[in-house]
């Protein structure tokens with residue numbers, strides 16, 4: 001495989017060597033925060049949710065933060081393949097009015113992004129929340145103490161405190177932010193969620209769109225979402241702050257004698273715990289929490305073949321500041337190139353080649 005790399009934890013690797021990867025073995029699919037980087041997975045998403053997973057019947061928990069929440073909510077629509085095609089179009093073509101040479105202000109971005117979520121899911125809440133097999137879980141970050149409300153002074157000071165606390169010790173950031181998970185009330189997320197103070201809130205039709213917008217609300221790029229229905233009052237931001245790549249305790253997942261695997265289509269081959277952990281490379285290493293995880297990611301060779309030799313990311317809004325047409329063209333090409341990931345995954349499933357799977361690192 002030249003485009004796709006497959007990594008697995010020891011428990012998952014043993015299962016792959018024994019019987020390959022079967023759709024009925026998957027119990028959880030995580031979807032990371034990362035903004036436009038998630039576009040590279042669009043063809044994989046269309047295949048996994050529109051074809052491969054339909055060949056099984058078990059309940060699957062879909063766990064998402066930021067764009068990952070949008071992706072996993074899309075998977076719950078009746079026609080997932082068409083939904084993911086629309087998601088790619090909508091994400092690529094997003095364009096925010098801005099002064100010449102400057103990025104759009106957070107109020108503008110939040111307003112237009114919220115409208116896009118409403119166009120995608122307004123009136124379809126019952127479809128998302130009533131999926132026969134899938135259970136959606138949306139991760140958000142809620143401000144505590146100084147950060148209970150968003151303001152010009154409190155928010156920068158609060159995030160400065162969060163940055164310094166996280167640098168000292170990851171759980172210390174919990175002094176400033178807590179994890180709030182909006183979950184399908186039919187089935188709890190079958191995982192322990194240590195590390196931070198965590199609240200679990202029932203995901204309902206009234207709070208589906210607000211929780212998704214909150215999960216996508218990058219601090220200082222979008223406005224916080226306040227006082228979400230059914231949840232504790234306060235300011236809610238991007239779920240990636242506390243759980244950037246959803247490095248959760250998946251090893252606590254058990255389902256009798258079945259492998260109970262976690263299938264993770266991801267845009268890189270490491271699982272970074274929190275958004276503020278990006279500079280701390282030691283925190284990127286695999287842990288026993290990922291023992292039953294199968295991770296799909298693009299290879300470095302594949303990434304070098306993309307426009308600008310990188311994945312689409314938020315810096316492209318600045319790179320193509322006043323030329324959104326060029327940005328959209330680069331992102332469309334990345335989406336098209338992502339079909340190579342889908343094709344290689346499908347071929348790998350057919351061959352059942354566990355020898356090509358690498359250990360998580």
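Here, each number is a calculation from the coordinates, and none is a lab measurement. As the structure is a prediction and not an experimental result, all values here were calculated from the model. Neighbour counts run over all protein chains shown; Cβ positions are idealised from the backbone, glycine included.
Report the relative contact order of the stretch 167-302, percent, no decimals, based on alpha-carbon pairs under 8 angstrom and at least 6 residues apart. Rounded, it is 20 percent for the stretch 167-302. Expressed as a whole percent, how much of the Cα-Cα distance distribution for the stretch 1-116 exceeds 17 Å? So the portion of pairs separated by more than 17 Å is 64 percent.
Computed from the alpha carbon atoms alone, the convex hull of the stretch 209-361 holds 175 Å³ per residue.
Among 124-137, 40-53, the peptide with the highest mean count of other Cβ atoms within 10 Å heads the list, and the full ranking is 40-53, 124-137.
Label separation (residue 19 vs residue 82): 3.5 nm, computed from points 7 Å beyond Cα along the C-beta direction.
Among (1) 5, 19, 26, 23, 16, 8, 3, 0; (2) 5, 21, 25, 20, 15, 9, 3, 0; (3) 5, 26, 36, 26, 7, 1, 0, only one was calculated for this model; which label is it, if the read-out is P(r) over Cα pairs in 10 Å bins from 0, in percent? The listed entry that was calculated here is (3).
Dividing the summed helix terms, -39500 (n - 2.57) for each DSSP H run of n ≥ 4, by the number of residues in the chain produces a 222 nm estimate of -10500 deg cm²/dmol to the nearest 500.
Rg then Dmax, both in Å and based on the Cα atoms of the stretch 281-361: 16.3, 47. Using DSSP, restrict attention to beta bridges with both residues in the stretch 4-359 and report what percent are antiparallel, rounded to the nearest 5. Antiparallel bridges: around 40 percent, rounded to the nearest 5.
Each peptide in 326-336, 232-242 gets a packing score, the mean of other Cβ atoms within 10 Å over its residues, and the list from highest to lowest is 232-242, 326-336. Each of residue 254 and residue 353 was given a label point 7 Å from its Cα along the Cα-to-Cβ line. The distance between the two points is 3.6 nm.
Within the listed set 66, 324, 56, the residue fluctuating most in the Gaussian network model of the chain (springs between alpha-carbon atoms under 10 angstrom) is 56. Take every Cα pair under 8 Å whose residues are at least 6 apart in sequence, average their separation, divide by the length of the stretch 4-359, and the relative contact order is 28 percent. At R0 = 25 Å, how high is the FRET efficiency between residue 115 and residue 149 if r is their beta carbon distance? Nearest 0.05 is fine. After rounding, the FRET efficiency stands at 0.55. Need the C-alpha centroid separation for the stretch 220-289 versus the stretch 69-125, integer Å. Between the Cα centres of the stretch 220-289 and the stretch 69-125 lies a distance of 21 Å.
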